[in-house]
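**Student:** Have a look at this one.
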Amino acid sequence: MKALVVKPGNRGVQLKEVSLQVENKIKIKTLYNGICGTDREIVNNSLPFVRPEKGNELILGHEALGKIIEVPENSKYKVGDIVAPMVRRPGNCMLCRMGRQDYCIDGDFVEAGIRGKDGFMREYFYEDEKYLVQVDNEIGEIGALVEPTKNVMKMVEVFSHFKNRIAWDCDDSTLNCKGAWVFGTGSEGVLSSLVFKSMGFNVTIVNRHPIPENVLNIIEKNRINFFDSSTNEWSRALKENTMDLAIDAAGSADVFSEAIEHINYNGIIIMFGTAGTGKLENGSFITKIVDKNLSIAGVEDGSKNHYIQAAKFLSEYNVKYSMHDIITGKFKPEDTWIFNEKPKNEIKSIIEW
Ligand code: BGC
Ligand code: ZN
């Protein structure tokens, strides 16, 4: 079968023939793979922790939707079911053994298509039932968004923990008086803004430049505001929408200081982007974090429950939030250039097998 293969420690990706070892597990035919920054960093050899499962090659791909074509006896799945596989697999620490490998304490886990386990950018793969999440049979290509959306569901979980420090809800019991600002207009940024919007927040999505019309369409349809932070019109924007929750999907220290500066007292900051760009000017941000009682959390990966919530969100909000507009390009496995070059106006590019 064909697979997209990288050699950790080297740049580049190749579509090549690999063999598939038969296992007494569920056999899945890959329908779609999503491509994200992590895949591009792997192909560019700029992600430090990438490692093969065996030998010196790794099959790429951690975002996938597939169709079951063979089931072992006594499986709860049947042929034809649509599933999304989980990325991270547990090691032996206490949290891993509790199904919370997303909070692994010793790094003894593997991640499909990233570190220590072959990924899903291939025609077929075998999988344990335990690491599969059932998706609506009618979901179609937006099922490829289950994996990136599970990260957002973990953000929601972390947010809820922080929110419960004090009475944080509005005086009508909703979140309608609260503002969430999402920094970054890539797929995680757009998905987070839709999920937090569905929870009742006023949502503002932020970038340092005007955004392409297709992103604008999605956010306007969903009554999400856009703010171009290069315009320096912060006070006007903050008057229209306060900042009570900030989500950094860009991974920039500049965003971090902007959030600390502009967020309200008792605000919550969720850091998701890992790019590590920008810089902090001086230590005055420390005073603000303390004085405003801010809660700040780094969030990575998610649990099985977050995948289930993601699959549910995507099928329920499919029509309402026009999820299809998030998939901005469908490519063939042969189109390996998409790993080096972002197609124009990309939100999420997918590969169709
Ligand atoms: C995936 C996570 C993973 C992280 C780091 C992200 O792209 O969505 O599940 O933990 O990369 O490897
Ligand atoms: Zn990803």
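**Student:** Provide, in order from the shortest bin, the percent of all Cα-Cα pairs of region 131-263 in each 10 Å bin, continuing until the bin that contains the maximum pair distance.
**Tutor:** 11, 42, 34, 12, 2
**Student:** A follow-up question, please. How about residue 25: which aspartates and glutamates have a C-alpha closer than 12 Å to its C-alpha, ignoring those fewer than 8 places off in the same chain?
**Tutor:** Here the aspartates and glutamates satisfying the reach criterion relative to residue 25 are 70, 73, 127, 128, 129.
**Student:** Out of the GluC sites (Glu not before Pro) in region 1-90, which ones are loop residues according to DSSP with at most 13 other C-beta atoms within 10 Å?
**Tutor:** Listed in order of number, the matching sites are 23, 73.
**Student:** Taking one equal scatterer on every alpha-carbon of the chain, how large is log10 of I(q)/I(0) by Debye at q = 0.10, 0.11, 0.15 1/Å?
**Tutor:** -0.62, -0.75, -1.35
**Student:** Using only Cα atoms, tell me the angle between helix 304-317 and the longest principal axis of the chain; keep it within 0 to 90° and round to the nearest 10.
**Tutor:** Its long axis makes an angle of about 70 degrees.
**Student:** Can you work out the Karplus-derived ³J(HN,Hα) for every residue in region 232-241? Use 6.51 cos²θ - 1.76 cosθ + 1.60 with θ = phi - 60°, whole Hz, and x for glycine or proline.
**Tutor:** Running phi through 6.51 cos²θ - 1.76 cosθ + 1.60 with θ = phi - 60° gives 6, 9, 4, 5, 5, 4, 6, 6, 6, 9 Hz.
**Student:** What list of ³J(HN,Hα) values in whole Hz, one per residue of region 253-270 in order, does the Karplus curve 6.51 cos²θ - 1.76 cosθ + 1.60 (θ = phi - 60°) give from phi, with Gly and Pro shown as x?
**Tutor:** Along region 253-270, the couplings run 5, 5, 5, 4, 6, 4, 5, 5, 5, 9, 6, 6, 4, 6, x, 10, 10, 10 Hz.
**Student:** Ignoring ligands, DNA and RNA, please state the percent of accessible area on region 2-55 from carbon and sulfur, probe 1.4 Å. Display every interim value, and only then the final one.
**Tutor:** Working: 1340 of 2930 Å².
The nonpolar share, carbon plus sulfur, comes to 46 percent.
**Student:** For a quick check of your reading of the filter: which chymotrypsin sites (Phe, Trp or Tyr not before Pro) in region 1-89 sit in a DSSP loop and have no more than 14 other Cβ atoms within 10 Å? Please report the intermediate quantities before stating the final value.
**Tutor:** Working: sites: 32, 49, 77; in loops: 49, 77.
Loop-located and lightly packed - 49.
**Student:** Counting other Cβ atoms within 10 Å of each Cβ, which trypsin sites (Lys or Arg not before Pro) in region 268-319 have at most 15 and sit in a DSSP loop? Let's see the in-between values first.
**Tutor:** Details: sites: 279, 288, 292, 304, 312; in loops: 279, 292.
Those that pass, being in a loop and sparsely packed, are 279, 292.
**Student:** I've got another one for you. So what is the accessible area of region 231-353 per residue, in Å², with the probe set to 1.4 Å? Before the final figure, lay out each step's value.
**Tutor:** Working: 6190 Å² over 123 residues.
With the other protein chains kept in place, region 231-353 gives 50 Å² per residue.
**Student:** Given a 1.4 Å probe and every protein chain left where it sits, what share in percent of the accessible area of region 103-224 is carbon and sulfur?
**Tutor:** For region 103-224, the apolar C and S fraction of the accessible surface comes to 45 percent.
**Student:** Rounded to the nearest 10 Å², what accessible area does residue 76 show when all protein chains are kept and the probe is 1.4 Å?
**Tutor:** For residue 76, solvent-accessible area is about 140 Å².
**Student:** If the cut-off is 14 Å between C-alpha atoms, which aspartates and glutamates fall inside it for residue 7, apart from same-chain ones fewer than 8 positions away?
**Tutor:** Cα-Cα hits under 14 Å: 39, 41, 53, 57, 118.
**Student:** Quick one: accessible area per residue over region 44-191, 1.4 Å probe, rounded to a whole number of Å²?
**Tutor:** Details: 6130 Å² over 148 residues.
With all protein chains present, region 44-191 gives 41 Å² per residue.
**Student:** On to the next question. Quick query: amide H of residue 203 versus all other amide H atoms, modeled in the peptide plane; which residues come in under 5 Å with a sequence gap of 5 or more or a different chain?
**Tutor:** 180, 225
**Student:** Can I ask one more? How tilted is helix 146-163 with respect to the longest principal axis of the chain? Cα atoms for both, answer in degrees (0 to 90, nearest 10).
**Tutor:** Tilt of helix 146-163: around 40 degrees.
**Student:** Okay, moving on. Using modelled amide H (1.01 Å from N, peptide plane; none on Pro or chain starts), what sits under 5 Å from the amide H of residue 278, excluding residues fewer than 5 places away?
**Tutor:** Placed amide hydrogens put 253 under 5 Å from residue 278.
**Student:** Holding the Cα-Cα limit at 32 Å, pick out from 27/344; 76/344; 27/332 the pairs that are longer than that. Walk me through the intermediate numbers first.
**Tutor:** Working: 27/344 35 Å; 76/344 42 Å; 27/332 22 Å.
Cα-Cα > 32 Å for 27/344; 76/344; rest within.
**Student:** Amide H neighbours of residue 296 under 5 Å, at least 5 residues apart or on other chains, H built in the peptide plane: list them.
**Tutor:** 269
**Student:** Taking the Cα centre of region 11-57 as origin, sum charge times position over the Cβ atoms of Lys and Arg (+1) and Asp and Glu (-1), and report the length of that vector in debye to the nearest 20.
**Tutor:** Numbers: 8 positive and 6 negative charges, 18 e Å.
It works out to roughly 80 debye.
The values are calculated or read from the model by the stated rules, or taken from the named source; none is laboratory data. All values derive from a computational prediction rather than experimental measurement. In this analysis, Cβ positions are derived from the backbone assuming ideal geometry, glycine residues included, and neighbour counts consider all displayed protein chains. Accessible surface is based on the protein model in full, side chains and every heavy atom, while ligands, DNA and RNA are left aside. Shrake-Rupley method; radii C 1.70, N 1.55, O 1.52, S 1.80 Å.
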